[in-house]
Every structure is written in structure tokens, then in C-alpha cells.
1. Taking only the Cα atoms of the chain, how large is their convex hull per residue, in Å³?
2. Over 22 Å between Cα atoms: which of LYS33/LYS109; LYS35/LYS133; LYS28/LYS147; LYS33/LYS133 fall into that group?
3. Once phi is turned into ³J(HN,Hα) by the Karplus curve 6.51 cos²θ - 1.76 cosθ + 1.60 with θ = phi - 60°, what whole-Hz value does each residue of the range 141-150 show in order, with x for glycine and proline?
4. Hey, fewest Cβ within 10 Å first, where do LEU12, LEU118, LEU128 land in order?
5. Taking only DSSP H segments of four or more residues, each worth -39500 (n - 2.57), what value at 222 nm results for the chain once the sum is divided by all its residues, to the nearest 500 deg cm²/dmol?
6. What distance in nm lies between label points placed 7 Å from Cα along the C-beta direction at LYS35 and GLN86?
7. Express the C-alpha Rg of the range 56-154 as a ratio against the empirical globular expectation 2.2 N^0.38 Å, rounded to two decimals.
Amino acid sequence: MSRIYVIDTSYLLELFAVPGFSTEQAVKTIQAKFKEAIQARSQLIVPLGCLFELANHIADVPDVGQRLALVEKLTKAVESSVATAQPWQISPPDKLDIALPRMFAEYAKTYLPQGMGLTDTYTLEEALRLRRKYSPAMGCMVHIWTKDRILKAHEPDKEPNPFVG
């Protein structure tokens, strides 16, 4: 069974070990999950908004040397992702399949009252789009990698043994 993981900012903060936004144990756990997923040839998807949030958190790192090292690492990952779709693919794809007015209406009606932000709503919408495109009958599961319990509760396919920190 193939797996698609839509990756939220909370996992990216741990993957990049951003000071003030990550813990040593979570960094080890999430880095191991990424390594395992890559070895299993799982598809990793990062919504563009999550990259923006990650970069904003990097900008908050007090040590300028750490800040510059982190942004260099992020820049290399983004360049590689654009050129080769590795280590992940960046969403939205060239053709945006999500109707923004519908997403904003759903955000206002359903997700905002639950305490979910707009980036989390887009992350969920991307996971649901992928679920519609790749059904379980095709042998594919779609998960959201996040430490946010509200967002995780909405993922299309329940992940066995999730890490929500």
C-alpha cells in the first residue's frame, strides 16, 4: 500500500530542528519518520503556506548564525523540491484544484470555530484533494503529518501510530 503524507508546519519545525519551536525527542522521532517514508518511496507533499510559516518561525530564531544556517538548509530543500520533487513536492500543483471561495466558506463555517487556522485548512483541503484523486481502492492512503490534534483528527485516512508530540 502506497502512502501520501501532507506535511504540516509542526513537523517541518521538528525536521529542521528550529530552536524554540522543536524538542530534541520530537526532532529524532520526526527525522526518523521522514527517513522511513523516503525509503518506502512514500509521496511527501508540503503545502506552500507551511513553508511560509516555517520561514516565519526561522526568522524568529534569536541567533543570527542559526537563522542563516536554517534558511540555507530550507532554501536547498526548496530548490531540490522544485527541480526534482525531492525531498518533497510543494503544493499547490501547477493547476490548483481547490476552489478558494468554497475553501474560505468552509474555513469560516467549520474549521475556524474549531480553532483551526487558514494554513491548516488548506493543508486539510490538500489532503482531501489527494484522497479524491487516489482512492483506497487504488492501494493508496493519505495522511497528514502534524502535531496539531485538531488538524490530525480530520485527516482522510487514520494513520497507525501517529506522532502528535
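1. Details: hull volume 19.6 nm³, N = 165.
Enclosed volume per residue, from the Cα hull, is 119 Å³.
2. On the way: LYS33/LYS109 34 Å; LYS35/LYS133 25 Å; LYS28/LYS147 14 Å; LYS33/LYS133 24 Å.
Those over the limit are LYS33/LYS109; LYS35/LYS133; LYS33/LYS133.
3. After applying 6.51 cos²θ - 1.76 cosθ + 1.60, I find 10, 10, 10, 10, 8, 7, 9, 7, 5, 5 Hz.
4. In increasing order of surrounding Cβ atoms, one gets LEU118, LEU128, LEU12.
5. -16000 deg cm²/dmol
6. Once both label points are built, they end up 1.7 nm from each other.
7. Its radius of gyration relative to the 2.2 N^0.38 Å reference: 1.29.
Coordinate-derived values only; no laboratory data. Source: prediction; values computed, not measured. Quick reminder, even Gly has a Cβ in these numbers, built from the backbone with ideal geometry, and neighbours come from all protein chains shown.
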